[in-house]
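Undergrad: If you scroll down you'll find the structure; I have some questions about it.
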Amino acid sequence: MLKKHDNFIIPNWNAPANVHAVMTTRNGGVSKLSYDSFNLATHVDDDLENVLDNRRLLKTKLALPTEPFWLEQIHSNTVIEASKDLILPKADASFSNNKDVVCVVMTADCLPVLMCSKDGTKIAAIHAGWRGLESGIISNTVIALKTKELIVWLGAAIGAECFEVGDDVREAFLKKSADYSTAFKARKNGWLADIYQLARIELAHLGITEIYGGEFCTMTDTERFYSYRREKQTGRMATLIWRT
């Protein structure tokens with residue numbers, strides 16, 4: 001298992017030894033210009049051959065056991081079991097109870113969330129934008145995993161000082177619970193939202209306390225991360241989890 005590489009982020013979490021997890025950065029690939037250089041998304045108008053080359057590099061560099069289970073992410077609360085019989089299903093989280101299945105989500109400001117059971121038998125990857133968080137993508141994934149004995153890692157997302165939202169976003173979360181008020185800070189023309197805190201609050205409501213990560217900012221860390229809000233036309237990082 002890859003332990004350290006400048007072009008990848010290895011989660012610092014207390015996962016069982018048979019659970020492997022990685023988040024890519026924007027570095028180490030072949031894409032050009034605004035997609036430079038390790039874009040893994042086929043839907044952002046990057047040259048398709050470059051994206052496919054990057055995906056081949058990803059599989060080789062990480063010695064992945066199988067092709068990652070790519071999703072067509074739609075900012076929903078839909079969770080699906082990863083299966084070789086499904087090709088690019090519309091969903092925003094996938095899970096597996098099987099060995100050598102690679103769950104993956106792509107992001108460029110939204111929050112990637114990884115989960116594994118404490119016994120190392122269940123894994124999940126979640127694409128958690130604010131819409132997915134508000135509509136319960138994390139809760140639905142926990143339901144699909146059929147356990148709350150989980151360890152969670154929060155990957156790189158837009159930071160709390162950069163994520164500007166309107167009243168509608170804050171009110172949507174406050175309708176769920178007043179607890180979410182702590183994730184919003186007033187500013188002149190709206191609010192700053194802490195996407196990491198939004199996820200932590202939902203996890204706390206589920207009784208899940210072993211949570212790691214959440215120290216990144218895709219918006220300000222221009223060297224490592226793509227950011228849709230910063231660049232508009234840009235690539236996507238991938239966050240992957242599998243077990244052996």
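The values are calculated or read from the model by the stated rules, or taken from the named source; none is laboratory data. No experiment lies behind these values; they were computed from the predicted model shown. Positions of Cβ are generated from backbone atoms using ideal geometry, with glycine treated the same way; all protein chains shown enter the neighbour counts.
Undergrad: In this structure, is ALA91 crowded, with 19+ Cβ neighbours inside 10 Å and either of a type in the set (Asp, Glu) or at pLDDT 95 or above (or both)?
TA: Here the answer is yes, as ALA91 does meet what is asked.
Undergrad: Hey, could you check segment 68-80 for residues that are touching a residue at least 60 places away in the same chain (Cβ under 8 Å) and touching a helix residue (DSSP H, G or I) at 6+ places or on another chain (Cβ under 7 Å) and say which is surrounded by the fewest Cβ atoms within 10 Å (Cβ to Cβ)?
TA: SER76
Undergrad: Here are some residues: ILE158, ILE151. Which one is in contact (Cβ under 8 Å) with a residue 40 or more places away in the chain, among the β-branched types (Val, Ile, Thr), in a loop (DSSP other than H, G, I, E, B) and under 21 Å from ALA238 (Cα atoms)?
TA: After ruling out the rest, the residue left standing is ILE158.
Undergrad: Could you say which residue among GLY166, GLY213 is free of Cβ contacts under 8 Å to residues at least 40 places away in the same chain and touching a Gly at 6+ places or on another chain (Cβ under 8 Å)?
TA: None of the other options fit; the residue is GLY166.
Undergrad: Can you say whether ARG200 is modelled with pLDDT of 95 or more, over 21 Å from the mean Cα position of the chain (by Cα) and under 22 Å from ASP92 (Cβ atoms), as far as the supplied structure shows?
TA: Judged against the criteria, ARG200 is not a match.
Undergrad: Condition (residue is modelled with pLDDT of 95 or more, in contact with a strand residue (DSSP E or B) (Cβ under 9 Å, 6 or more places away or on another chain) and not in a helix (DSSP H, G or I)) applied to segment 168-182: is it met by at least one residue?
TA: Taking every residue of segment 168-182 in turn, none turns out to be modelled with pLDDT of 95 or more, in contact with a strand residue (DSSP E or B) (Cβ under 9 Å, 6 or more places away or on another chain) and not in a helix (DSSP H, G or I).
Undergrad: (1) crowded, with 20+ Cβ neighbours inside 10 Å; (2) closer than 19 Å to ILE126 by Cβ: which one isn't true of PHE184, the others all being true?
TA: Only one criterion in (1) crowded, with 20+ Cβ neighbours inside 10 Å; (2) closer than 19 Å to ILE126 by Cβ is unmet by PHE184, namely (2).
Undergrad: A follow-up question, please. Please verify whether GLU149 is surrounded by fewer than 22 Cβ atoms within 10 Å (Cβ to Cβ) and over 20 Å from LYS118 (Cα atoms), treating the condition exactly as stated.
TA: no
Undergrad: Take the conditions assigned to a loop (DSSP other than H, G, I, E, B) and either crowded, with 17+ Cβ neighbours inside 10 Å or of a type outside the set (Lys, Arg) (or both) and apply them to TYR212. Does it pass?
TA: Considered against the rule, which asks whether it is assigned to a loop (DSSP other than H, G, I, E, B) and either crowded, with 17+ Cβ neighbours inside 10 Å or of a type outside the set (Lys, Arg) (or both), TYR212 comes out as no.
Undergrad: Can you pull out every residue in segment 68-119 that is of a type in the set (S, T, N, Q) and under 15 Å from HIS20 (Cα atoms)?
TA: SER96, ASN97, ASN98, SER117
Undergrad: Which one is surrounded by the fewest Cβ atoms within 10 Å (Cβ to Cβ) among residues in segment 101-139 that are farther than 18 Å from ASP194 by Cβ and basic (Lys, Arg)?
TA: By that ranking, first place goes to LYS118.
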